[in-house]
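The next block holds one structure in the form of structure tokens; read it before the comments.
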Amino acid sequence: YYSSCVGVEEHHAVDIDLYHCPNCAILHGPSLMKKRRNWHRHDYTEPDDGSKPVQAGTRTFVKQLRARSFPSADEVILKMHGSQLTQRYLEKHGFDVPIMVPKLDGLGLRLPPPTFSVLDVERYVGGDKVIDVIDVARQADSKMKLHNYIKYFTNPDRPKVLNVISLEFSDTKMSELVEVPDIARKLSWVENYWPDDSVFPKPFVQKYCLMGVQDSYTDFHIDFGGTSVWYHVLWGEKIFYLIKPTDENLALYESWSSSVTQSEVYFGDKVDKCYKCVVKQGHTLFVPTGWIHAVLTSQDCMAFGGNFLHNLNIGMQLRCYEMEKRLKTPDLFKFPFFEAICWFVAKNLLETLKELREDGFQPPSYLVQGVKALLTALKLWMKKELVTEHAFEIPDNIRPGHLIKELSKVIRSVEEENSKLVKTQGILGVSPTSRSSHETASPHHSRRRVRKLRDHATKTPSNLAILELHTDITSSKMNGRFNKPFQPSSTVPEWRTKDNDLRLLLSNGRIIR
């Protein structure tokens, strides 16, 4: 029988030893349930003879996990105010370690109040929506109507630990209550590069609602497609166990993920350091590309989160995607149309690099390295023996061979320019002048995107003479407002940098505005 046809929840079906239909139940009583024989195995009917190890997610496992000691994540994470977490900051310093923001202020993150309950989620999303629910003690996924999960959550008598971590609500009324952090929106490939007229459906991965009861546990994983992720705890608490994505750790992770004894081995024991990070109510955590992490819900909790791909870690994103393919990760757990978005990004970045070069600017090194990694992946996907496997995700309006050829050409030119610059600097002892990037709205057109990247690009000193001269002249005209020399700094408040910005529009080397 389909469980929904006979009124049995999918996660309950596995507990039934002998099913009694409604007619038989009148004569013979309710269905006979399996007998529990242990608290440490996914199959709780196995005899508890002490011969088998503890498996992840079981009651015994969670008890042991809570008793373990870990180095504090304070050793590796950055703590900052929301207004400091800007695109300029990440472009300058990289996005390589988790970032904790203790308050909402300055993040541009809009959420419901902490009084927002699971009943409110049902009201906004709709109780008939079928959601994925994880039976934590078995680490098994099943389907359930949202109404039934809310009924379970609000009942103090919970026979099982059930966890919801994949309720994406962009297409519901609840979406109007949540605005993602500015930084996630500004960096996001989907927001910046996904065309409105694409035949592929736009990936919705930016707005998740996570509802977990105490002792919910998600084992070690890397977020799909190497996406970066933001989490905000609305109420309750979550504990993250964080592991750096070093070459050694990634190799160990792939080996562990493909092992038949994966659930019996705590991955944190296999690496040099596993850091414990407690995310309390009101805190927002940003986890960068490739970080391996597990999550324990230490008390009943509601959290919001979202995933995003971006230009800062293109190489690592592609590396994680290729690992997913080797591990034969089901499509359900992969970034939707990952290869398609890579083609869209490649097309856009080609225009960006060309226009930067036309205007005499050198692109930032993170972008050059990222495009090179992207180029390597695109070439691989177009190999004769692999092309049929990858052809489905090549967008109709993209000529892959031509795009690869043009990207290769522009990267070669950029690297030649770079080597010339290095030689010139070596002879003259001159270091190229660069400007910090200015925050702008999410770019949708290549010219605007170039303008944003240009602020972070390198230009030869002679060309900057025009700017310096104009700045000096303008300063005297502005009643001293710009008289003091100003060096943008990530430690200076955002309003201060904007207040002192001088934006110039040039055409053929002449300042026209």
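Structure data summary
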{"item": "Within the accessible area of region 97-228 (1.4 Å probe), percent carbon and sulfur", "result": "51"}
{"item": "Around F200: net Lys/Arg minus Asp/Glu count, Cβ-Cβ under 11 Å", "result": "-3"}
{"item": "Under 14 Å, Cβ to Cβ, from S298 - net charge with Lys/Arg +1 and Asp/Glu -1", "result": "+3"}
{"item": "Of K151/K207; K34/K151; K129/K207; K334/K372; K202/K244; K273/K372, pairs whose Cα-Cα distance is over 21 Å", "result": "K151/K207; K34/K151; K334/K372; K202/K244; K273/K372"}
{"item": "Kirkwood Rh, Cα atoms: Rg over Rh of region 68-336", "result": "0.93"}
{"item": "Burial ranking of peptide ranges 172-178, 4-10 (average Cβ count within 10 Å, highest at the top)", "result": "172-178, 4-10"}
{"item": "Separation of alpha-carbon centers, region 254-288 and region 39-54, rounded to whole Å", "result": "23"}
{"item": "Region 35-111: translational diffusion in µm²/s, Stokes-Einstein, Kirkwood Rh over Cα pairs, 25 °C, 0.890 mPa s", "result": "148"}
{"item": "Apportionment of accessible area to carbon and sulfur, region 313-396, percent (1.4 Å)", "result": "56"}
{"item": "Sequence-distant aspartates and glutamates (8 or more away, or on other chains) whose Cα lies within less than 16 Å of K173", "result": "D120, E122, D128"}
{"item": "Partners for K347 among aspartates and glutamates (Cα-Cα distance below 12 Å; same-chain residues under 8 apart left out)", "result": "E406"}
{"item": "Built amide H within the under 5 Å cut-off of G108, gap 5+", "result": "D182"}
{"item": "Simple Cβ-charge dipole of region 117-186, Lys/Arg +1 and Asp/Glu -1, about Cα centre, in debye nearest 20", "result": "200"}
{"item": "Probe 1.4 Å, accessible area per residue of region 68-336, Å²", "result": "40"}
{"item": "Between region 181-235 and region 113-140, the alpha-carbon center distance in angstrom", "result": "17"}
{"item": "Vicinal HN-Hα couplings computed from phi for region 137-149 (Karplus, 6.51 cos²θ - 1.76 cosθ + 1.60; Hz; Gly/Pro x)", "result": "5, 9, 6, 10, 9, 8, 9, 7, 6, 4, 4, 5, 5"}
{"item": "Rg/Rh for region 340-421, where both radii come from Cα atoms and Rh is the Kirkwood radius", "result": "1.00"}
{"item": "Probe 1.4 Å, accessible area per residue of region 340-421, Å²", "result": "48"}
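The values are calculated or read from the model by the stated rules, or taken from the named source; none is laboratory data. Quick caveat: nothing in here was measured; it's all calculated off a predicted structure. No Cβ is skipped: glycine too gets one built from the backbone with ideal geometry, and neighbour counts run over all protein chains shown. Ligands, DNA and RNA are excluded from the accessible area calculation, which covers all protein heavy atoms including side chains. Shrake-Rupley method; radii C 1.70, N 1.55, O 1.52, S 1.80 Å.
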